[in-house]
Each structure stands twice: as C-alpha cells, then as structure tokens.
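The values are calculated or read from the model by the stated rules, or taken from the named source; none is laboratory data. Every value quoted in this text rests on a predicted model; they were computed, and no experiment measured them. Cβ placement follows ideal geometry from the backbone for every residue including glycine, while neighbour counts extend to all protein chains displayed.
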Amino acid sequence: MRRLLPLISAIVLPGLLFLSSCQSRPGHGEYYEITGYAQGGVYSVKLRTDGCDLSPEALKTGIDSVLTLIDTTLSGYNPASQLSRFNAGENIRPNELFLSMYERAHAFWLQSGGVLDFAAGPLFDAWGFGFREDGQLPDSAAVSALLDDCGMGRLRPDIRTTLREDGTLAPADLLKEPGTLPRLNYNAIAQGLSCDLVADYLRSHGSADFLVNIGEIYCQGRNPSGEGWSVGVDAPIDGNFSPGEDIRGVWDSRGEACGIVTSGNYRKFTVGPDGEKYVHTIDPRTGYPIRSSLLSATVTAPDAATADALATWCMVIGTEASRALIASLGEGYSCYLIYDEDGEMRTSPSPEFHLIRP
C-alpha cells in the first residue's frame, strides 16, 4: 500500500522476530522494540515501558492477538476470514470488528462522494490489484459491466438491521435490490485501522509513548531521545522498493498522537500489453486507474485509518483538489504532496505539516 520509513526510532529489519531494548537518553525511561509478522510483512512497535502494566513479552502476545483478530476478520488474502467468506457468498456470523468496519467504510463513502468505495472489489480484481487476478486487463465493455455490479450505493447503509435472528449475515440481504452479490475490499483503510487498534491496546495497558508501524504509522508521545517521532517520506520514483534510500522530506510528530500515511503509485502498478502503465489507484466512479500528476500524498490525521483513507482519496482527486480537501478538514489534518510539473518533481506541504527537513 503506502510506504513510510520511520527514520531514527522505528527501523524494522525484515525477517526478524524479537524483543529488544532500545537505548534512550537518561531520564526518558526504558524503550523496547517489539517486532513480528503481520499482513504479509513485518510490523514494528517501539514503546516506552514505564507505566505499562504488562511486560514487553506479554505486550507482544497481546499485539499478535489484535493482529490475528484483524486477519481472521478483514483480510481478503486469508480464505478463512469473515471477509473472504462473505465475498465468496457465504452467510457469516460477523463479529463487532466486521460490523464497525462496514459502518466506517460507508461513512467514508458518503463523505467522499463515492471517491472511496469499499464495495468496488471486482474492479480491483479486474485490474490485478485486488484479492484475485482475472488474467487480463478489462476492456471498456468489461469495465462498464463491472460498474453495474459494484458500489456501496447498492448496499444498505445500516448493516446491523440486515442481521438475521440468529446473528448471521447473508450477502444478498445487504443488497437494496436483488443483484450481483457484493464483494468488499478494505485495503484503503485496513492497515491504518490495524495501527489504531494496536495503539488502543497499548494505551489500555498504560503506554504513553510509542510508534506503531504496520506499513502505515500511528505514533504518540516521545521517542527514546525525548523528542517527537520522526518519519521520512520516500521519493515516489517507479521501482523504489527500498524505504529510506531516497527521502524527500522528514516529518516531526512534536509529540502529538496521530496517524501518518503515504499513498502513491510508484511501487504497485502493472504494464499492459500496449506498454501502458496502469496504477493501483482506481477511481471507482469511472472504473479505471487514475491518470494524475500527483505522485504521492502523505496525510496526517487524528487516527491512522482516517489518514489511510484520506491519502487514497487525495490520489484519486489530484493535487489541487487534495490541497483544498485537507485544508477544509481543519485542525489535526495536514498533507505533504509530491507531484510532477513539466517532468520535475515538486513538493507541496500544507502549513500544518511539521516538516523538519525538505
């Protein structure tokens, strides 16, 4: 999805699974790094243990339990998850996470005017960026047909009222009218939500200073040096698969609690038989991958799921509209846009984006 590398305080070494103590400046308490595997990659949590009511080992067990719950509920890559079984047409007994995720996704759909559409799963599959690949890129007729079978506008807004007396949910019952069964895809917010849920877990056990990195980032409080957490934004250059090698800006949290997420199309795209580049950001209103001068959008928000959604939203609507969108949201939101202008890479940070190195 999005690529951010915390510079200073949250570097993760792929392939490792460990608990380690981190050096901190005297007077700032003891910090630990907890890492493990989740969602097809490695997660890293750095936290100050002072005030926590659990040991780092026990915290790791709890973090892994949170991530397992997310995987078994919302993963489209786990065939046994509630989401996968729902998308396959099965009746499921949804847990609270499944229900609340749908409610949040529907709210984002309404707020964005359809720019964010979590019932457009078949479109992402058709272009090769979903949970399954159809083997060839769709033509205009196929896209038109898919649009008729996609969209949260086809679905009931209140998922809880569609539950049957035994607590089960039938995919057909979620439709407003009979038609193709819905297929949901939460990739635009799932990793951000994962960060938020891990952060909630850490706070519930007394942690006040931590950084959660699960591809997206949520941070709060101070790093081992007693300063805000620093996050580097990678240059959005095609084929840049090495986070941190080419940094175009460094953001400082200043101790605030917030999510920070970058969305871009420089690591996930496909090249069609015609030699055309098709990026993974799909505009669900048109059914096609976007064509835009906006190369990446880094967004901060009070929580990582919202930052995740907004970053994708920005990539769909482009540079100028993204500036206006983030400015309209008020305090607690900021962005750092990187765009192409006549072949030159330009940057546009909003006034509230705490940029400490251009």
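Going residue by residue through the range 201-221, is there one that turns out to be of a type in the set (Asp, Glu), surrounded by 22 or more Cβ atoms within 10 Å (Cβ to Cβ) and in contact with a strand residue (DSSP E or B) (Cβ under 8 Å, 6 or more places away or on another chain)? Steps first, answer last, please.
Of all residues in the range 201-221, those of a type in the set (Asp, Glu) come to 209, 216.
Now restrict to residues that are surrounded by 22 or more Cβ atoms within 10 Å (Cβ to Cβ): 209, 216.
From what's left, in contact with a strand residue (DSSP E or B) (Cβ under 8 Å, 6 or more places away or on another chain): 209, 216.
Yes, there is a match, as at least one residue in the range 201-221 is of a type in the set (Asp, Glu), surrounded by 22 or more Cβ atoms within 10 Å (Cβ to Cβ) and in contact with a strand residue (DSSP E or B) (Cβ under 8 Å, 6 or more places away or on another chain).
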### Query
Looking at the range 3-11, is at least one residue under 19 Å from residue 215 (Cβ atoms), modelled with pLDDT of 95 or more and either surrounded by 12 or more Cβ atoms within 10 Å (Cβ to Cβ) or touching a Ser or Thr at 6+ places or on another chain (Cβ under 8 Å) (or both)?
no
### Query
Picking from 47, 59, 54, which residue would you name as being in contact with a His (Cβ under 6 Å, 6 or more places away or on another chain) and either surrounded by 15 or more Cβ atoms within 10 Å (Cβ to Cβ) or charged (D, E, K, R) (or both)?
54
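Determine if the range 75-82 includes at least one residue that is part of a helix (DSSP H, G or I), in contact with a strand residue (DSSP E or B) (Cβ under 8 Å, 6 or more places away or on another chain) and closer than 19 Å to residue 125 by Cα. Steps first, answer last, please.
Here is the first cut: in the range 75-82, the ones part of a helix (DSSP H, G or I) are 82.
From what is left, the residues that are in contact with a strand residue (DSSP E or B) (Cβ under 8 Å, 6 or more places away or on another chain) are 82.
The next check asks that each one be closer than 19 Å to residue 125 by Cα; those that pass are 82.
Among the residues of the range 75-82, at least one is part of a helix (DSSP H, G or I), in contact with a strand residue (DSSP E or B) (Cβ under 8 Å, 6 or more places away or on another chain) and closer than 19 Å to residue 125 by Cα, which makes the answer yes.
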### Query
Which one of 100, 81, 140 is farther than 25 Å from residue 162 by Cα, surrounded by fewer than 22 Cβ atoms within 10 Å (Cβ to Cβ) and of a type in the set (Ser, Thr, Tyr)?
140
### Query
Looking only at the range 306-329, which residues are of a type outside the set (A, V, I, L, M) and either in contact with a helix residue (DSSP H, G or I) (Cβ under 7 Å, 6 or more places away or on another chain) or in contact (Cβ under 8 Å) with a residue 12 or more places away in the chain (or both)?
306, 308, 312, 313, 314, 318, 319, 322, 323
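Just checking, how many residues over the range 89-110 are more than 13 Å from residue 190 (Cβ to Cβ) and under 17 Å from the mean Cα position of the chain (by Cα)?
4
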